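Enquirer: Here it is, the structure in full.
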Amino acid sequence: MACLLEAPLRISVLSEVTATSRHYVDRLFDPDPQKVLQGVIDMKNAVIGNNKQKANLIVLGAVPRLLYLLQQSSSSAELRTECAVVLGSLAMGTENNIKSLVDCHIIPALLQGLLCPDLTFIEACLRCLRTVFISPVTPVQLLYTDPTVIPHLMSLLSRSQRTQEYITQIFSHCCKTPEHQTVLYSHAAIQNIAPLLPTVASLPSLPVLKLPLPPSLSLLLSLPLPLSLSFSPFPSPAPPPSLSPALPPSPSLPLSVLVDGEQLSQVFVRMMQRDRPIEMQLTAAKCLTYMCRAGAIRTDDNCIILKTLPCLVRMCSKERLLEERVEGAETLAYLMEPDVELQRIASVTDHLVAMLADYFKYPSSVSAITDIKRLDHDLKHAHELRQAAFKLYASLGANDEDIRKKITETENMMDRIVSGLSESSIKVRLAAVRCLHSLSRSVQQLRTSFHDHAVWKPLMKLLQNAPDEVLVMASSTLCNLLLEFSPSKEPILESGVIELLCSLTQSDSPALRVNGIWALMVSPSVFGLISEAASPPAVGTSPPLQRLDTTRSRANARENLLSTRPHIDQIMSSHGKQIMQAVTLILEGEHSIEVKEQTLCILANIADGNTAKELIMTNDDMLQKIKYYMGHSNVKLQLAATFCVSNLIWNEEDGSQERQDKLREMGFVDVLHKLTQASDPNLCDRAKTAMQQYLA
């Protein structure tokens, strides 16, 4: 009997709910405006906290009618406002509710409503738009379809505290791509949002009070300061074209924005004080990190060395929540990734290297977490800590040999990296191979830790089947393991790596092609094997060399090309003509700065050969190209070209006087003299070193 009664009972309840919902919708069509208004108010009260009622009203067609009433100029201001409130409440339901609202074109209707002079109605529309746009299912591009929308929203910022809150939250959630950032930047988002920060910085500091992150700070965090660059906690060696700056560098702009007479950076410094809420400290540190990486603040500025870096290190301590430790480590890795001095400072701050070892033990058996739900959450997300630790270790060990040694001597570090290469999480595998790649730049570690732990085995396994992003970093590491002094070279060759490397040179990925070429070139043994294994095609060029002119290089190619002079001469005597042709094509073509930089590095290595350098010296066209890039606007290209000249004129080598005389006649000395006054210290030092060869 119970089973027979269950279905009718369920149908009865459903019919009752549907009938009630239908009553609300029917009242929206009453000819009496006052009854319509009361019906909307009653509907507002009925849907609060009731997702089932919200879904019923959407299914019964309430949304189109509410939008119609909202857009009618004959509707009273109160009615239009109440309609916006109800729509905002419906948007607070499920993701399906959001999809239905978007399909009914709620966003254009609400944006149109912002043109109304009534502030209460504007605030209701903005509140509803905020709710819609923070949903992951809403296409954020809808905010940018009409070019008049962003400037109008900027003009509404000053209308009230609520308009400030809603608009900054909308911008923060809708700033997803360089194009979005460019639009906001070009409409003075920084200048409009910065004045809101003093209020944020002066919020009360109560340890027991969990303050929400102010939306104005969220927006500044999502904007590029000062460039239109998307943030990646640990970028690939060369950013993809889609992340290229959309605006010209303007490092002075953010610092020139004064907030109550105070520089923007100093406002962020105050937000990082230890008595500020943790979320505020961390977010302000991220803002300063982005400003530093964008070039608006020097890496040796006190606000970076004495404030931002220590703040981020504090976020890595075991007293912090998992999310804070992850965000702190990844942001710190991004901050110091290109700067060796910051890496050295961080490595001796609060025992950071040892502190990161705890990331692999979390949560421990003696964890202080007493909240069961929190413990369950942390267990499920512990892999994020391992990923962050690998990223930070990779950044720490990018340049300094002593730091690399300290990392490898950390408890079970090499075992953890090897384990990380086979983890189920692709993000952990990528971070682990990044860490391995950073450590593989050390000759000592290649000969000791890497050999003792046979890291080439899991690395080769990783190369068999992985996404391109992992393959690029794994093959970069393989290049270092194949260097002549690496004990791993012979077992790697015996494992059949030649076929794999040749396949990389034929990959659709430019980065994989160049890695295949570098791996085949870095070792005479490898180069000899490939020369024997493949007969040259009709044009006289082996397949790897055929692909050289279309490849995209990596930022550390110079470190990978550590060939001996006899090796350079051997390669150039066999394939010099083809290599020089490929170099010419790249330097003359439309290629990225990274590609041209590493192509000049190839020339610098050729210039270091005993006989190979004559291929450059007898090619006046190539010399003119080197001279051109010495005067280029990009300092990386200037450095690489000057490095090439240094190798050509080095005093201790035979024929140096003749080469110096020729380059002097071609005007190279004048260019070098100008570069000794360069603002970039590395370029200045490199030019002075070259000039000393003339003075010796």
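Enquirer: Give me the net charge of Arg270's neighbourhood, meaning all other residues with Cβ under 14 Å from the Cβ of Arg270; Lys, Arg count +1, Asp, Glu -1.
Expert: Net of charged neighbours comes to 0.
Enquirer: Taking all pairs of different Cα atoms in region 258-391, averaging 1/r and flipping that mean, what Kirkwood radius in angstroms comes out?
Expert: Answer for region 258-391: a Kirkwood hydrodynamic radius of 15.5 Å.
Enquirer: Quick check: Cα centre of region 372-389 to Cα centre of region 284-344, how many Å?
Expert: 22 Å
Enquirer: Where does the charge balance sit around Cys311 when Lys and Arg score +1, Asp and Glu -1, over other residues with C-beta under 13 Å from its C-beta?
Expert: +2
Enquirer: Could you provide, to the nearest whole Å², the per residue accessible area of region 321-427 with probe 1.4 Å?
Expert: 45 Å²
Enquirer: Of the accessible area of region 644-696, with the probe set at 1.4 angstrom, what percent is carbon plus sulfur?
Expert: The value for region 644-696 is 46 percent carbon and sulfur by accessible area.
Enquirer: Can you list the residues, at least 5 places off or on another chain, whose amide H is less than 5 Å from the amide H of Val259, using H built in the peptide plane?
Expert: Under 5 Å from the amide H of Val259: Leu264.
Enquirer: Between Asp103 and Asn610, what is the spin-label point distance in nm, taking each point 7 Å from the Cα along the Cα→C-beta axis?
Expert: Placing both labels 7 Å beyond Cα along the Cβ direction yields 7.7 nm.
Enquirer: In square angstrom, what is the accessible area per residue of region 30-183 with a 1.4 angstrom probe?
Expert: Accessible area per residue: 44 Å².
Enquirer: How big is the Rg/Rh ratio for region 54-164, C-alpha atoms only, Rh by Kirkwood, two decimals?
Expert: 0.94
Enquirer: Taking the simple approach of a point 7 Å from Cα along Cα-to-Cβ for both Asp415 and Ile593, what is their distance in nm?
Expert: With each label placed 7 Å out from Cα toward Cβ, I get 4.4 nm.
Enquirer: I'd like the carbon and sulfur percentage of the solvent accessible area for region 253-410, probe radius 1.4 Å, heavy atoms only, ligands and nucleic acids excluded.
Expert: Answer for region 253-410: carbon and sulfur cover 49 percent of the accessible area.
Enquirer: Dipole magnitude of region 609-689 about its Cα centre, charges +1 at Lys/Arg Cβ and -1 at Asp/Glu Cβ only, in debye to the nearest 20?
Expert: Dipole of region 609-689, to the nearest 20 debye: 340 debye.
Enquirer: Within region 587-667, report the GluC sites (Glu not before Pro) that DSSP leaves as loop and that have at most 12 other Cβ atoms within 10 Å.
Expert: Glu590, Glu652
Enquirer: Zone of Ser73 (label point 7 Å along Cα→Cβ, backbone N under 13 Å): which residues in region 102-141?
Expert: The answer is 116-117.
Enquirer: Need the list of lysines near Lys307 for cross-linking: C-alpha distance under 24 angstrom, and skip anything on the same chain fewer than eight residues off.
Expert: Leaving aside lysines fewer than 8 places away in the same chain, those within reach of Lys307 are Lys210, Lys286, Lys318, Lys391.
Enquirer: Same structure, new question: Using 7 Å Cα-to-Cβ label points, what is the Asn96/Ala354 separation (nm, one decimal)?
Expert: If labels sit at Asn96 and Ala354, their model points lie 5.6 nm apart.
Enquirer: Roughly speaking, what is the stretch gain from Val137 to Arg447, that is 0.36 nm per residue apart minus the C-alpha to C-alpha distance, in nm to one decimal?
Expert: Result: 106.5 nm gained on full extension.
Enquirer: Sorted by mean Cβ packing within 10 Å, highest first, what order do the peptides 306-317, 399-410, 422-433 take?
Expert: Listed from highest to lowest mean packing, they are 306-317, 422-433, 399-410.
Enquirer: For Gln273 and Leu115, FRET efficiency with R0 = 51 Å and r from the beta-carbon atoms, rounded to 0.05?
Expert: Rounded to the nearest 0.05, the efficiency is 0.75.
The values are calculated or read from the model by the stated rules, or taken from the named source; none is laboratory data. Keep in mind the model is a prediction, meaning the values are calculated, not measured. Cβ coordinates were reconstructed from backbone atoms using ideal geometry, including for glycine residues, and neighbour counts include every protein chain displayed. Areas reflect the complete protein model, heavy atoms only, side chains present, ligands, DNA and RNA absent. Shrake-Rupley method; radii C 1.70, N 1.55, O 1.52, S 1.80 Å.
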